[in-house]
Amino acid sequence: LKKPNKRFSFFSFQNEINEVPFFDIQLPYELALKIFQYLGKTELGRCAQVSRTWKVLAEDEVLWYRLCQQEGYLLDTSISDHSCWKLALKDCRARERTLKTNWKNRIGAVSQLRYELGKILCDVHSCDGVVIAGYTSGAVRLWDTRTWDYTAPILEPMHGPGDAGPQPHVSFVRINSSLAVAAYEDGTVSVWSLMFGREPIHHYQHNQRIQALALGSEGAAVVTASGFEVKVESPNDRGFWQTTETFEIQKLVNFLNLVPDVTGSPVTVAAAEDIVYLLKAEDPGKILHSVYGQPVTCLDVSTHEAAFGVKTFGWLLNEPNQILLYNLETSQCLKKMGNSTGDFTCVNLQNSPPNMVVTGNKDRRVRVFDLRKSESLCSLYAHQLGVSAVQMDDWKIVSGGEEGLVCVWDQRMGTKLWEMHARHPVRHVWFNSHSLITANIPDEKTPRGASITDDDLTVHRKHQGIIYAYEFSVDQLAVESVLPICRSSYDEVTGYNYNIGLAVPYDNI
């Protein structure tokens with residue numbers, strides 16, 4: 001006899017279910033499905049072993065689609081995009097475990113982002129794998145590491161009638177999902193759209209050198225500080241750029257941040273020596289924090305809070321350096337964290353997990369604070385010359401130091417997983433689940449032996465600074481980004497963690 005089609009019989013059985021046996025009663029399928037929505041993966045797997053009817057119910061696509069969304073996977077998809085959401089969730093979890101293993105064991109590929117004619121690297125910023133870099137030659141370059149296509153497109157400056165000479169140095173660069181911004185030494189600011197080519201869509205001028213530049217993570221608001229003036233530029237409803245707000249403050253601005261996810265006019269947090277301003281259109285000169293003799297050493301903001309480090313000296317030596325946390329809505333100080341003799345040099349609040357903040361200090365330590373307890377969860381002895389950049393997620397910390405060392409830490413274990421070294425201080429660190437961007441930027445922009453009147457457009461590579469792009473995803477085939485002569489094909493031994501694709505020539509073994 002011909003065997004029956006099990007696949008057909010199973011789905012026909014699923015379509016015929018109208019009532020589900022639920023202990024001593026019969027429930028409609030929709031009502032039983034609502035009850036099963038409160039179960040997790042383990043409970044659904046146990047229920048699937050009860051009976052054939054319960055198996056059909058426990059493997060319903062609606063349940064597994066909701067579980068996949070709750071765990072943060074495939075958030076931009078609809079339920080019709082996959083035929084089996086249980087298998088999709090399993091694949092996502094397996095991919096996450098593989099990425100975590102690759103991060104811990106340093107398995108992946110590394111590439112250097114260089115532009116030889118740019119001379120000395122001045123500033124670097126990145127957003128979702130797109131890197132922008134500014135140089136002393138006045139050039140601004142972009143790389144999209146998501147495609148591993150390292151052709152660096154040029155972002156043309158705004159040329160005036162008398163701009164035949166050399167371009168001024170780039171002071172700051174910023175990028176988000178739609179805009180790129182560069183500020184130059186002569187006080188000019190250029191704004192490019194990532195959708196409309198290489199020519200600037202907006203250009204404006206300050207009378208003095210620009211001390212700080214901020215670009216929102218989303219939207220199209222640019223804030224610059226020059227002298228005692230803070231200027232906000234954004235497009236109107238018709239798309240024409242204009243100066244929307246101008247704020248006059250008492251001291252020179254050191255740090256500038258735009259508050260993310262703000263509806264209406266932009267809200268800016270500016271740190272000017274020992275004063276922190278909250279700049280709004282309706283309240284232009286509001287002071288968030290001010291203590292004479294305690295300058296602000298670092299600043300970061302999230303949607304509702306601002307975290308900054310303060311330095312004590314003089315007659316206040318008995319009071320330690322601290323990180324202060326302020327609520328931006330009530331302007332109240334929520335927490336005072338830290339008890340360090342060194343200055344806090346960097347703080348990351350916006351990219352940290354909820355109720356967490358990570359800081360770097362001149363005393364060579366990286367500290368993670370729990371905002372609910374105001375105490376340090378871990379303190380890592382990281383860098384010999386002080387910490388210059390930090391970022392963390394739910395299980396790891398990436399820190400950069402003044403000596404050029406990039407360290408990856410396991411936060412819960414408090415142990416160093418691996419490190420990489422370059423010549424210059426680490427000024428930029430950014431990572432997501434599968435990639436890492438670091439930038440070593442020289443402090444000396446005119447190195448010894450490099451003449452200003454020299455006709456040679458290049459500078460020795462050791463003076464230029466460097467940007468590294470690491471890829472840990474197995475799906476990206478990142479090893480193909482390294483030339484075959486630079487790839488190692490031997491089998492790694494157990495415990496050997498220096499297995500990033502080599503960046504120097506290596507023979508095939």
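The values are calculated or read from the model by the stated rules, or taken from the named source; none is laboratory data. Here the structure is a predicted model, which means the values were calculated and not measured. So basically every Cβ, Gly included, is an ideal-geometry build from the backbone, and we count neighbours across all protein chains shown. All accessible areas refer to the heavy atoms of the entire protein, side chains included, with ligands and DNA or RNA removed. Shrake-Rupley method; radii C 1.70, N 1.55, O 1.52, S 1.80 Å.
I'm told A389 meets every condition in (1) of a type in the set (A, V, I, L, M, F, W, C); (2) touching a Lys or Arg at 6+ places or on another chain (Cβ under 7 Å); (3) not in a strand (DSSP E or B) except one. Can you identify the failing condition by its number?
(3)
Could you name every one of the helices (runs of 4 or more DSSP H) located completely within the stretch 35-110 that has at least 1 residues being of a type in the set (S, T, N, Q) and in contact (Cβ under 8 Å) with a residue 24 or more places away in the chain? Step through it out loud before you land on a result.
Values: elements: 41-47, 52-58, 61-70, 85-105.
It comes to 52-58, 85-105.
Can you work out which of the residues in the stretch 103-154 that are open to solvent by less than 20 Å² (accessible area, probe 1.4 Å) and more than 30 Å from P166 (Cβ to Cβ) is modelled with the lowest pLDDT?
Result: A109.
How many residues does the stretch 273-285 contain that are without any contact (Cβ under 8 Å) to a residue 24 or more places away in the chain and not in a loop (DSSP other than H, G, I, E, B)?
0
Please verify whether the stretch 414-421 includes one or more residues that are out of contact with any Lys or Arg (no Cβ under 7 Å at 6 or more places or on another chain), of a type in the set (A, V, I, L, M) and either part of a loop (DSSP other than H, G, I, E, B) or modelled with pLDDT under 85 (or both). Before you say what the answer is, go through the steps one by one.
Here is the first cut: in the stretch 414-421, the ones out of contact with any Lys or Arg (no Cβ under 7 Å at 6 or more places or on another chain) are 414-416, 419-421.
Going one step further and asking which of them are of a type in the set (A, V, I, L, M), we end up with 420.
Subsequent filtering for residues that are either part of a loop (DSSP other than H, G, I, E, B) or modelled with pLDDT under 85 (or both) retains none.
Looking through the stretch 414-421, none of the residues is out of contact with any Lys or Arg (no Cβ under 7 Å at 6 or more places or on another chain), of a type in the set (A, V, I, L, M) and either part of a loop (DSSP other than H, G, I, E, B) or modelled with pLDDT under 85 (or both).
Within the stretch 304-325, does at least one residue satisfy the condition of being open to solvent by 10 Å² or more (accessible area, probe 1.4 Å), modelled with pLDDT under 95 and closer than 25 Å to P235 by Cβ?
No, because not a single residue in the stretch 304-325 is open to solvent by 10 Å² or more (accessible area, probe 1.4 Å), modelled with pLDDT under 95 and closer than 25 Å to P235 by Cβ.
Any residue at all in the stretch 427-445 that's acidic (D, E), surrounded by 13 or more Cβ atoms within 10 Å (Cβ to Cβ) and closer than 24 Å to Y381 by Cα?
The first filter runs over the stretch 427-445 and keeps only residues acidic (D, E), leaving 443-444.
With the extra rule that they be surrounded by 13 or more Cβ atoms within 10 Å (Cβ to Cβ), the set shrinks to none.
No, the stretch 427-445 has no match at all.
Being free of Cβ contacts under 8 Å to residues at least 60 places away in the same chain, assigned to a strand (DSSP E or B) and open to solvent by 10 Å² or more (accessible area, probe 1.4 Å): is that true of K373 here? Explain how you work it out, then say what you get.
Working: free of Cβ contacts under 8 Å to residues at least 60 places away in the same chain: yes; assigned to a strand (DSSP E or B): no; open to solvent by 10 Å² or more (accessible area, probe 1.4 Å): yes.
No, not satisfied.
Scan the stretch 282-302 for residues that are open to solvent by less than 60 Å² (accessible area, probe 1.4 Å) and either under 21 Å from C346 (Cβ atoms) or among the hydrophobic types (A, V, I, L, M, F, W, C) (or both) and jot them down.
Answer for the stretch 282-302, where residues must be open to solvent by less than 60 Å² (accessible area, probe 1.4 Å) and either under 21 Å from C346 (Cβ atoms) or among the hydrophobic types (A, V, I, L, M, F, W, C) (or both): L288, H289, V291, Q294, P295, V296, T297, C298, L299, D300, V301, S302.
Tell me yes or no: at least one residue of the stretch 357-367 is assigned to a strand (DSSP E or B) and either open to solvent by 20 Å² or more (accessible area, probe 1.4 Å) or over 28 Å from L405 (Cα atoms) (or both).
Applying the first criterion (assigned to a strand (DSSP E or B)) to the stretch 357-367 yields 357-361, 365-367.
Now restrict to residues that are either open to solvent by 20 Å² or more (accessible area, probe 1.4 Å) or over 28 Å from L405 (Cα atoms) (or both): 365, 367.
Yes; the residues of the stretch 357-367 include at least one that is assigned to a strand (DSSP E or B) and either open to solvent by 20 Å² or more (accessible area, probe 1.4 Å) or over 28 Å from L405 (Cα atoms) (or both).
Given the structure, is C378 assigned to a strand (DSSP E or B) and either open to solvent by 10 Å² or more (accessible area, probe 1.4 Å) or within 14 Å of L349 (Cα to Cα) (or both)? Full working, then the answer.
Details: assigned to a strand (DSSP E or B): yes; either open to solvent by 10 Å² or more (accessible area, probe 1.4 Å) or within 14 Å of L349 (Cα to Cα) (or both): yes.
Answer is yes for this residue.
Filter the stretch 392-410 down to the residues that are open to solvent by 30 Å² or more (accessible area, probe 1.4 Å) and touching a Leu at 6+ places or on another chain (Cβ under 8 Å), then identify the one that is nearest to F369 (Cα to Cα).
Result: E402.
Checking V253 against (1) crowded, with 21+ Cβ neighbours inside 10 Å; (2) not in a loop (DSSP other than H, G, I, E, B), which test does it fail?
Of (1) crowded, with 21+ Cβ neighbours inside 10 Å; (2) not in a loop (DSSP other than H, G, I, E, B), only one is false for V253: (2).
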